[in-house]
Amino acid sequence: MLRTLFLNKNLCLLSLFLLCSNTLTLDSKCVAPGTCNAPLDAKYAFILPTEPRHQWETDGGFCGALSIQTIALAHGVWISQDLIRKSAGPGGGHGEKEVGYEILHTNIEEVLTNLGFSYDAFDHKNTPVPQAGPYLAWLKRQLALERGVVWFIMCKGDKHDCYGMKNCTYDHIEAVYGIWSNHPLSDHTVYSDDVLVHTSGYAPDGMANTGYYRRFDTLVDTIEMDKNCSDAQPEWRRNEAYPCVDHNFPFGYSITGLLRNGGQPVALKLDNYEEPNIRNGTQVVYFTGTVTCQRTTAGVKYGLYRFKQGNAGVPSHVKDYAKVAEKIYIFTAESDSHVIIDQHPILSSSAVAYRCLELSAQMK
């Protein structure tokens, strides 16, 4: 219920933005033919509490790391792109042992596990070719189940080569984090007018930075990119705004939850979508984090716990939360959600995880 409220707030803000703009063509940050306007007339919708961010552009690009980072925020976890790549073993792309490896479909499952997330993978190994139909069905189901998806897509003007690996035609990796439909989301049937929202990797994605919105019937193309993606702009930093899924060999992985869970769902929002690239020598910065404890009960006392080292720093048993936590905020909920601005800034190069727990649960 709380996440629906989060969506409604976003839609209200977006509606006001559109009213102020008077016309959809004023959004200079939205790359055509992509659209940065949500389908406000859709009957049913879900969007994860996250927003587009900007990838590091060195060493093959950190688009895979950024996509994981973006979805992790919706689970109350911050992880630097540097640390995400350091959690990866060799996968066929850029990297070395000391600094980790580029995230690709070959090593993302290892990465998600190492970072403390559970996941669901599209079965590209056993699905008959062409795979696009089953893939879209899997994709919609994941979004309808309120899961963010890391998808691997082709971009107009790129080589669709992926380091020469067999059946590996993607050029880029992005986060998909919302869905709109005229049918109840319990119906996992793919309808042509279903709409998803995705990042580009080069935020802001539209002036309101709410992402790019695509109908499902525009998502699939061949490697020639002469059908649904024929009008996409072929230039780097622009073709990512209107990508397509390969008709034959698509890849996708959803983040389904936390391996070390406990308590209420938590979402984290930062005051900056840009993480300084420390690998280029750029100085670290501190973010201010706004944490939302979700699905709380009015009158019940909770603790918000902050842990170093991301999910790896979270104890396996909730009774140890208070002993290990870096910071603790105690509050009594007044509604079904509670927002706390963390007064202790988050170092951009670090990893931090939050958990929200009913205080009485620590005694169980």
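What follows is calculated from the coordinates using simple rules that are stated; it is not laboratory data. Predicted, not measured: the structure shown is a model, and the values here were computed from it. Note that we place each Cβ from the backbone using ideal geometry, even for glycine, and neighbour counts take in every protein chain shown.
Computed over the chain, the per-residue total of -39500 (n - 2.57) for DSSP H runs of n ≥ 4 gives a 222 nm mean residue ellipticity of -5000 deg cm²/dmol, rounded to 500. Once divided by 2.2 N^0.38 Å, the Cα radius of gyration of region 208-364 becomes 1.38.
Under a crude label model (7 Å from the Cα following the beta-carbon direction), how far is Asn261 from Met207 in nanometres? Here the modelled spin labels are 4.1 nm apart. For a straight C-alpha distance cut-off of 29 angstrom, the lysines reachable from Lys327 (same-chain residues fewer than eight places away being disregarded) are Lys9, Lys86, Lys269, Lys301, Lys308, Lys319, Lys364.
Counted residue by residue at 0.36 nm each, then reduced by the alpha carbon distance between them, the extension gain from Lys308 to Leu145 reaches 55.8 nm. Using the Cβ-Cβ distance between Ser230 and Arg295 with R0 = 51 Å, the FRET efficiency computed as 1/(1 + (r/R0)^6) comes to roughly 0.70.
Between Arg215 and Ala121, full extension at 0.36 nm per residue minus the direct alpha carbon distance yields a gain of 31.6 nm.
Taking the Cα centre of region 2-257 as origin and assigning +1 to Lys and Arg Cβ atoms and -1 to Asp and Glu Cβ atoms, the resulting dipole is close to 520 debye. Diagonalising the gyration tensor over the Cα atoms of the chain and scaling each eigenvalue by 5 before taking the square root yields semi-axes of 32, 24, 20 Å, largest first. Take the Cα of Ser192, step 7 Å toward its Cβ, do the same at Ala32, and the gap between the two points is 2.4 nm. Counted residue by residue at 0.36 nm each, then reduced by the alpha carbon distance between them, the extension gain from His344 to Tyr44 reaches 104.3 nm.
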